Amino acid sequence: MPTEIKFHLDENVDSDIAASIRNNGIDMTVTNEVGLVSADDLVQLEFARKEGRIIITHDTGFLRIAATTSEHSGALFCKSEGYSIGKIVLHCISIHHQHVAKDIMGRVEYL
């Protein structure tokens, strides 16, 4: 049975994104809610991997890590400038509705 996509919001991304995604019935964790504020990128990635969550981030550190391994649940990367909260939310909702978790595993999606 396909596994539904879940997300994890990195601490460097506006938390209003999490609220909007949750309002659409999508499972979302946030760094500060799970005790990972200021945690190393590898720790964040391991949390997301264990939980089967796609990380939403502006942090290029995740891109460097993702370039060295496909052992992660996926990442959605967007630059911190030039993308509205609404655009990021719509992109996440689209990914959620059009894919299952295994489609994104080990990949980085760019907005």
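Here are the numbers:
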quantity: Answer from S80, S70 - the residue that is loosely packed, with under 14 Cβ neighbours inside 10 Å, touching a His at 6+ places or on another chain (Cβ under 9 Å), assigned to a loop (DSSP other than H, G, I, E, B) and of a type in the set (S, T, N, Q); calculated: S80
quantity: The range 2-20, residues that are of a type in the set (K, R) and touching a Leu at 6+ places or on another chain (Cβ under 7 Å); calculated: none
quantity: Residues within the range 63-107 that are farther than 15 Å from D41 by Cα, among the hydrophobic types (A, V, I, L, M, F, W, C) and either free of Cβ contacts under 8 Å to residues at least 60 places away in the same chain or in contact with a Phe, Trp or Tyr (Cβ under 7 Å, 6 or more places away or on another chain) (or both), tallied; calculated: 4
quantity: Selection within the range 96-111 - closer than 18 Å to D16 by Cβ and either touching a Ser or Thr at 6+ places or on another chain (Cβ under 8 Å) or assigned to a helix (DSSP H, G or I) (or both); calculated: H96
quantity: Residues of the range 48-62 classified as closer than 19 Å to H96 by Cα and either hydrophobic (A, V, I, L, M, F, W, C) or not in a loop (DSSP other than H, G, I, E, B) (or both), total; calculated: 9
quantity: Flag for L45 being among the aliphatic types (A, V, I, L, M), surrounded by 18 or more Cβ atoms within 10 Å (Cβ to Cβ), under 11 Å from the mean Cα position of the chain (by Cα) and in a helix (DSSP H, G or I); calculated: yes
quantity: Unique residue being over 13 Å from the mean Cα position of the chain (by Cα) and either in a helix (DSSP H, G or I) or farther than 16 Å from V108 by Cβ (or both) when the list is I65, I17, I26; calculated: I65
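We did not get these values from a lab; they are worked out from the coordinates using the rules stated. What you are looking at is a predicted structure, and each value in this text was computed from that prediction instead of being measured. Positions of Cβ are generated from backbone atoms using ideal geometry, with glycine treated the same way; all protein chains shown enter the neighbour counts.
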